[in-house]
Amino acid sequence: MKSKLLHEVIDLVDRFQSDSHHYSADIHGFKLWVADGLEEREPMDEVAWEGKDEGRSPESVINTLLVHLNRYAKTYSKSAIYDSDFSTQEEFIYLINLKTFGAMSKMELIKKNVQDKPTGMQIINRLIAHGWIGQSDSDTDGRSKIIKITKKGKTALEQQMKKIRQATKIVAGDLTQHEKMKLIQLLKKLDHFHNPIFLKNYDSAELLDKVKSEYLPVNN
């Protein structure tokens, strides 16, 4: 009995290793992979969406809903920074990251916020102009600047944090705690898939073909 179970576990680990590109290569990723496999075999309530009967795909619905949710979140963020010195939600997100993770290079901060370099540099320059972040030469790379949040930046952030937290809570809507945890799990899985692709900075002309051939399962 023990020998049979051991062989089954080894076979399961082998299958995980060949299909783990969507999961972290550790025990946590393995457990998520097993749990997802069990869920896929369980019957799921039929989900309806506009255009389904006419052939609209679930991927189309996911894309549309993510775009909508991003716009809703920006609307609430705009309200959270109304009548303040902040111009965009990205400015306080950059400050939050610097406060949370500490000093880093400009490109590290830009990549952490999943933005292109020109846009990220514009945001950083605005924060420097406000005196909310300071910069110094890197000890390891003479071409890079290390930036960190200043006391003035912390004060500006703290003055808006009550409204920012309120906006963040509103975005989660009326989801239950269980639904929030499940959504986090799914969004992390999507982020785990897309972030390495984004960091490769593929040219737009080749991006779709690269992702289809190198990242998506064969049956997609």
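The values are calculated or read from the model by the stated rules, or taken from the named source; none is laboratory data. Since the model is a prediction, treat every value here as computed from it, not as a measurement. Here Cβ is always computed from backbone atoms with ideal geometry, including for glycine, and neighbour counts include all displayed protein chains.
Structure notes:
- Residues within the range 101-142 that are surrounded by 15 or more Cβ atoms within 10 Å (Cβ to Cβ) and of a type in the set (Phe, Trp, Tyr), tallied: 1
- Taking the criterion of being assigned to a loop (DSSP other than H, G, I, E, B) and under 16 Å from the mean Cα position of the chain (by Cα), the residues of the range 95-133 that qualify are ASN113, VAL114, GLN115, ASP116.
- Qualifying residue in the range 180-199 (condition: over 23 Å from SER18 (Cβ atoms), among the basic types (Lys, Arg), part of a helix (DSSP H, G or I) and at pLDDT below 90): yes
- Failed condition for ILE124, given (1) over 28 Å from HIS194 (Cα atoms); (2) at pLDDT 95 or above: (1)
Each row is one residue, and each column tells you yes or no for (1) touching a residue at least 12 places away in the same chain (Cβ under 8 Å); (2) small (Gly, Ala, Ser); (3) touching a strand residue (DSSP E or B) at 6+ places or on another chain (Cβ under 8 Å).
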position	(1), (2), (3)
ALA129	no, yes, no
ASP141	yes, no, yes
LYS148	yes, no, yes
ALA172	no, yes, no
ASN201	no, no, no
LYS212	no, no, no
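- Odd one out for THR140, checked against (1) in contact with a Lys or Arg (Cβ under 7 Å, 6 or more places away or on another chain); (2) β-branched (Val, Ile, Thr); (3) farther than 23 Å from ASN201 by Cα: (1)
- Some residue of the range 63-83 being among the hydrophobic types (A, V, I, L, M, F, W, C), surrounded by 15 or more Cβ atoms within 10 Å (Cβ to Cβ), over 26 Å from GLN166 (Cβ atoms) and in contact with a Ser or Thr (Cβ under 9 Å, 6 or more places away or on another chain): no
- For GLU90, the conditions (1) surrounded by 15 or more Cβ atoms within 10 Å (Cβ to Cβ); (2) of a type in the set (D, E, K, R); (3) without any contact (Cβ under 8 Å) to a residue 12 or more places away in the chain are fulfilled apart from (3).
Residues checked against (1) surrounded by 14 or more Cβ atoms within 10 Å (Cβ to Cβ); (2) of a type in the set (Val, Ile, Thr); (3) touching a His at 6+ places or on another chain (Cβ under 7 Å):
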position: SER144; (1), (2), (3): yes, no, no
position: LEU157; (1), (2), (3): yes, no, no
position: LYS162; (1), (2), (3): no, no, no
position: ILE170; (1), (2), (3): yes, yes, no
position: THR176; (1), (2), (3): no, yes, no
position: ILE184; (1), (2), (3): no, yes, no
position: ALA205; (1), (2), (3): no, no, no
position: LEU208; (1), (2), (3): no, no, no
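- The range 187-203, subset aliphatic (A, V, I, L, M) and loosely packed, with under 12 Cβ neighbours inside 10 Å, residue farthest from GLN115 (Cα to Cα): LEU187
- In the range 50-62, the qualifying residues are those that are under 23 Å from VAL171 (Cα atoms) and either among the β-branched types (Val, Ile, Thr) or modelled with pLDDT under 90 (or both), and the one that is surrounded by the fewest Cβ atoms within 10 Å (Cβ to Cβ) is ILE62.
- For the range 157-173, the count of residues that are in contact with a Ser or Thr (Cβ under 8 Å, 6 or more places away or on another chain) and of a type in the set (Gly, Ala, Ser) is at least one.
- Any hit, the range 154-162, residues being closer than 13 Å to PHE86 by Cβ, free of Cβ contacts under 8 Å to residues at least 60 places away in the same chain and not hydroxyl-bearing (Ser, Thr, Tyr): yes
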